[in-house]
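Notes follow the structure.
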Amino acid sequence: MTEQTERSLAGAEPPAARPEPGIRTRPRAEPRPSGGPRTDTVPGGPADPGVPRLPGGTRRWPKSFADRLTAPLPGVGAIARLAREGSMRPRPHGLRDIPLLPYEPAPLPAVDADTVSVTWAGHASWVVRIGGLTVLTDPVWSRRILGTPARITPVGVRWDDLPPIDAVVISHNHYDHLDAPTLRRLPRDTPLFVPAGLARWCRRRRFTRVTELDWWESAETGGVRFEFVPAHHWSKRTLTDTCRSLWGGWVLSDRGGQRVYFAGDTGYGHWFTEIGRRHPGIDLALLPIGAYAPRWMLGPVHTDPEEAVAACADLGARRMAPMHWGTFLLSAEPVLEPLHRVRAAWELAGRPRENLWDLPVGGSRILQDDASRVLRHQP
């Protein structure tokens, strides 16, 4: 969604990115498909593909990533049409089912370093346990975000019930994915993995371990690999910073080769096939299914339920866990419609029902080799 604020960061240059001890950053093995010139410098000479970056390296990013867009951004005419139609919130009949939204908070599962589990805290916020680490994705524990009504389901995991957080991944800078009040709850030495162009925002808030990556670049900490991968989306946080930082998703891989793909926020398109080609055997894809209506406006940047199921197939992922629905009123579809449609699309695609992890907010599942154990019953 578009978020605007009166603050302006016009003219701000991206800062140098300095990998922290314990975090190994791997350059892209292939050139990026688009983007302006960028300089990578490490002590002793240019970075070589496949060689981890050395601490103290500096990075300079283009002033805009607009050339990474896969669809034009809405213009004045689209904004006028939205205002005329008033079609960015559900109509009264679409709100009737708010009391029926699945919400079943439960204790986090006990896992070991060889076990992967995911817990849906709501929207795009997950507690991912992988390789012995606890990772948060796009953490938003706030009741309200800028320009949007208060959340319609509570957060599924109490902040005080979280174990120590070993890492945070951010997909992009929209307010429903990058929430400053939530990040302020974290120790300032928490490792943050963020898109290119976003490190300065984090360092201005005194975070000291910020790893800033371009598409197809990876970093490692605690034996878990974090690779930043493309998405069909965009970025904007102020009136003047459209596409000044990158957007994307993350592939998390442990030492045993278990992989979880977190899509962040994205429309449907060719990148899913390419991500699957580079990461064969994805065990679980966390994919957005909500905030899709009206399609003429949101189609390029938000998958609908049927597109999310198609994306799961393109990725070659065995399992899918829907997200980005049932938390904030960001668009016009009825609040329960994404769940009904994703279940129907999954069945129509002939996929095994047990591989659709349509969790309630607060629900968890554990990845166990070729089988999964349900921790909470299906909504």
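The values are calculated or read from the model by the stated rules, or taken from the named source; none is laboratory data. Everything quoted here is computed from the prediction, not taken from an experiment. Heads up, the Cβs are rebuilt from the backbone with ideal geometry, glycines too, and the neighbour counts pull from every protein chain shown. What goes into the accessible areas is simple: the full protein's heavy atoms, side chains included, and nothing from ligands, DNA or RNA. Shrake-Rupley method; radii C 1.70, N 1.55, O 1.52, S 1.80 Å.
When you go through LEU178, LEU82, LEU101 one by one, which is the residue that is under 23 Å from the mean Cα position of the chain (by Cα), of a type in the set (A, V, I, L, M) and open to solvent by 10 Å² or more (accessible area, probe 1.4 Å)?
Just a single option satisfies the conditions, and that option is LEU101.
In segment 181-197, which residue that is free of Cβ contacts under 8 Å to residues at least 60 places away in the same chain and open to solvent by less than 10 Å² (accessible area, probe 1.4 Å) is nearest to VAL155 (Cα to Cα)?
Let us first name the residues in segment 181-197 that are free of Cβ contacts under 8 Å to residues at least 60 places away in the same chain, namely 181-190, 192-195.
From what's left, open to solvent by less than 10 Å² (accessible area, probe 1.4 Å): 182-183, 186, 190, 192-195.
Values: THR182: 12, LEU183: 15, LEU186: 17, THR190: 21, LEU192: 21, PHE193: 23, VAL194: 23, PRO195: 25 Å.
Per the stated criteria, the residue is THR182.
From the residues in segment 162-175 that are assigned to a loop (DSSP other than H, G, I, E, B) and open to solvent by less than 20 Å² (accessible area, probe 1.4 Å), which one is nearest to ALA110 (Cα to Cα)?
Out of the qualifying residues, it is ILE170.
Anything in segment 350-378 that is closer than 21 Å to ARG259 by Cβ, open to solvent by 20 Å² or more (accessible area, probe 1.4 Å) and at pLDDT 95 or above? List them, or say none.
Scanning segment 350-378 gives ARG351, PRO352, GLU354.
Yes/no per residue for (1) at pLDDT 95 or above; (2) farther than 18 Å from LEU286 by Cβ; (3) not in a helix (DSSP H, G or I):
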{"residue": "PRO74", "(1), (2), (3)": "no, yes, yes"}
{"residue": "ILE79", "(1), (2), (3)": "no, yes, no"}
{"residue": "ALA106", "(1), (2), (3)": "yes, yes, yes"}
{"residue": "VAL127", "(1), (2), (3)": "yes, no, yes"}
{"residue": "VAL157", "(1), (2), (3)": "yes, no, yes"}
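Just to confirm my filter: which helices (runs of 4 or more DSSP H) fall fully inside segment 276-374 and include at least 3 residues that are in contact with a strand residue (DSSP E or B) (Cβ under 6 Å, 6 or more places away or on another chain) and not acidic (Asp, Glu)?
Filter on segment 276-374 gives 305-315.
If you scan segment 268-300, which residues turn out to be crowded, with 24+ Cβ neighbours inside 10 Å and among the β-branched types (Val, Ile, Thr)?
ILE275, ILE289
Would you mind finding the one in ASP67, ASP112 that is part of a loop (DSSP other than H, G, I, E, B) and among the acidic types (Asp, Glu)?
Being part of a loop (DSSP other than H, G, I, E, B) and among the acidic types (Asp, Glu) holds for just one of ASP67, ASP112, which is ASP112.
Can you find a residue in segment 153-161 that is within 17 Å of ILE366 (Cβ to Cβ), open to solvent by 20 Å² or more (accessible area, probe 1.4 Å) and among the β-branched types (Val, Ile, Thr)? Outline the logic, then answer.
Going through segment 153-161, the residues within 17 Å of ILE366 (Cβ to Cβ) turn out to be 156-157.
Those left that are additionally open to solvent by 20 Å² or more (accessible area, probe 1.4 Å): none.
No, segment 153-161 contains no residue that is within 17 Å of ILE366 (Cβ to Cβ), open to solvent by 20 Å² or more (accessible area, probe 1.4 Å) and among the β-branched types (Val, Ile, Thr).
Testing LYS236 on (1) modelled with pLDDT under 95; (2) surrounded by fewer than 22 Cβ atoms within 10 Å (Cβ to Cβ), one condition comes back false. Which one is that?
Unmet for LYS236, out of (1) modelled with pLDDT under 95; (2) surrounded by fewer than 22 Cβ atoms within 10 Å (Cβ to Cβ): (1).
Considering only residues that are of a type in the set (Asp, Glu) and outside any helix (DSSP H, G or I), which ones fall in segment 262-275?
ASP265
I'd like the residue in segment 208-228 that is assigned to a strand (DSSP E or B) and among the β-branched types (Val, Ile, Thr) and, out of all such residues, is surrounded by the most Cβ atoms within 10 Å (Cβ to Cβ).
The initial filter retains those residues of segment 208-228 that are assigned to a strand (DSSP E or B), namely 210-213, 218-221, 224-228.
In the following step, the residues that additionally are among the β-branched types (Val, Ile, Thr) were identified as 210-211, 221, 224.
Values: VAL210: 25, THR211: 27, THR221: 23, VAL224: 22.
Residue satisfying both the conditions and the ranking: THR211.
Output the residues belonging to segment 259-318 that are touching a Pro at 6+ places or on another chain (Cβ under 7 Å) and over 30 Å from LEU82 (Cα atoms).
GLY316
Tell me which of these VAL116 doesn't satisfy, since it passes every other one: (1) open to solvent by 40 Å² or more (accessible area, probe 1.4 Å); (2) at pLDDT 95 or above.
The single condition VAL116 does not satisfy is (1).
Looking only at segment 129-139, count how many residues are in a loop (DSSP other than H, G, I, E, B), in contact (Cβ under 8 Å) with a residue 60 or more places away in the chain and either open to solvent by 10 Å² or more (accessible area, probe 1.4 Å) or of a type outside the set (D, E, K, R) (or both).
2
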